[in-house]
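Asker: Just passing along the structure, written as structure tokens.
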Amino acid sequence: MLNVNKLTSLEEELSKASEKGMKIGLVPTMGALHNGHMELIKQARMHSDYVIVSIFINPLQFNQAEDFMNYPSNLLKDSDKLKNAGVNLLFNPDAKLIYPKKPSVKIDFGGLSHKLEGRFRLGHFEGVGLVVMKLFNLIKPNVAFFGLKDLQQFVLIKHIVKEFSYPIKLEGIPTVRGENGLALSSRNTLLSPSGIKIAAQIYKGLIWAKNNFETFHASEALKIQLNNFYQTQEGLSIEYCEVLNSNTFKPLKSLQSGKKITLCVAAYVEGVRLIDNIFLRE
Ligand code: PAF
């Protein structure tokens, strides 16, 4: 595996791969790799010929300096995992390469970027959108892989690809969970063993909602019941819990409309912010 942190070397490798007619697959990450990332890489290996993984902790998508400082990172361990997984190239740029100067352009990605995650993490999606566009421009992948745990992010990136006419196919890969159901996330490493047990209740609530949502008419009633369950879990603090139309990501009032429905949750455990979601009706 090549470990590249300079643009010239990246460009050289990319032109070699494209001369050979190889299909380039990109897995953008912020490192602290877990089995969820490894699943993205597995899919990338299956659906492309040359797999690039980027590791860049993007300062622009953190709305709190403390969150950015505490974000887990372990480049040596990550690099070993990528080598063993058969990745062709690790792109590990520093902040100066991605942002030679403080970006003077701010792109507003529209309504979707201001709700849910965007509402509670101001500027988050402007940062995600910008770095993903930069990675797309630098790497020009044929296909890019994202985890569906960050569902709103995936929907937003789909929107960016369409609006900015990127010739890139996007693949959304289902969330990988631990045995207790907790969605794998780099942030889980910040939790204590008892924090992990508490965090696993997030998915327990989502499963309950999936099994019971059809007995409710209004999504408000479902949310009340779900919040009641979450409130009984000591150490779990829910930030939001929203029922949405899966296609438009607009809040859905009725659960009986026959539309595709998604339930998204954000919560804090031991000061660590976690998100998860489930498709209620697929
Ligand atoms: O999902 C992530 O890890 C990040 O938001 C991404 C897509 C790599 C952009 O920094």
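The values are calculated or read from the model by the stated rules, or taken from the named source; none is laboratory data. Predicted model, so just to flag it, every value in this text is computed and none were measured. For accessibility, only protein heavy atoms count, side chains too; no ligands or nucleic acids. Shrake-Rupley method; radii C 1.70, N 1.55, O 1.52, S 1.80 Å.
Asker: If you plug each phi of the stretch 81-91 into the Karplus form 6.51 cos²θ - 1.76 cosθ + 1.60 with θ = phi - 60°, what whole-Hz ³J(HN,Hα) values come out, in order, with x for Gly and Pro?
Answerer: Once rounded to whole Hz, the list reads 4, 5, 4, 5, 8, x, 6, 7, 8, 9, 9.
Asker: Also, quick follow-up: Run down the aspartates and glutamates and flag those whose C-alpha is under 16 Å from the C-alpha of residue 16, throwing out any fewer than 8 positions away in its chain.
Answerer: 49
Asker: Can you say what percent of the DSSP beta bridges in the chain, counting only those with both residues inside, are antiparallel? Round to 5.
Answerer: 50 percent
Asker: Mind checking which aspartates and glutamates have their Cα closer than 19 Å to the Cα of residue 102? Skip sequence neighbours fewer than 8 apart in that chain.
Answerer: Partners within reach: 94, 126.
Asker: Only helical DSSP H runs with n ≥ 4 go in: add -39500 (n - 2.57) per run for the chain, normalise by residue count and round the 222 nm mean residue ellipticity to 500 deg cm²/dmol. Provide the component values of the computation, followed by the final result.
Answerer: Details: 10 runs with 112 residues, N = 282.
Using -39500 (n - 2.57) per qualifying helix, the result is -12000 deg cm²/dmol.
Asker: For each pair in 23/101; 149/250; 134/162; 81/210; 197/259; 204/250, compute the distance between the two Cα atoms and list the pairs where it is over 26 Å.
Answerer: Pairs exceeding the cut-off: 23/101; 81/210; 197/259.
Asker: Which ³J(HN,Hα) values in Hz, rounded to whole numbers, follow from the phi angles of the stretch 264-269 under the Karplus curve 6.51 cos²θ - 1.76 cosθ + 1.60, where θ = phi - 60° and Gly and Pro get x?
Answerer: Coupling constants for the stretch 264-269: 10, 10, 10, 8, 10, 9 Hz.
Asker: Would you list 159, 217, 124 from the most to the least accessible area, probe 1.4 Å?
Answerer: Reading off the accessible areas and sorting them downward yields 217, 159, 124.
Asker: How far is helix 124-139 tilted off the main Cα axis of the chain, in degrees rounded to 10, range 0 to 90?
Answerer: Between the helix axis and the principal axis of the chain, the angle is about 30 degrees.
Asker: Any idea how far the Cα center of the stretch 1-56 sits from the one of the stretch 64-142, in Å?
Answerer: Answer, in whole Å: 15.
Asker: At a Cα cut-off below 14 Å, give the aspartates and glutamates reachable from residue 253, other chains included and same-chain residues fewer than 8 away excluded.
Answerer: Counting by Cα, and skipping residues close in sequence, residue 253 has these aspartates and glutamates nearby: 214, 220, 242.
Asker: Step through the residues of the stretch 30-43 one at a time and calculate ³J(HN,Hα) from phi using the Karplus curve (6.51 cos²θ - 1.76 cosθ + 1.60, θ = phi - 60°), rounding each to whole Hz and writing x for Gly and Pro.
Answerer: Taking θ as phi minus 60°, the curve returns 10, x, 6, 5, 10, 5, x, 5, 5, 5, 4, 5, 4, 5 Hz for the stretch 30-43.
Asker: Relative to the first principal axis of the alpha-carbon coordinates of the chain, what is the inclination of helix 151-163, with its axis defined by its Cα atoms, in degrees from 0 to 90 and to the nearest 10?
Answerer: Once rounded, one gets 50 degrees.
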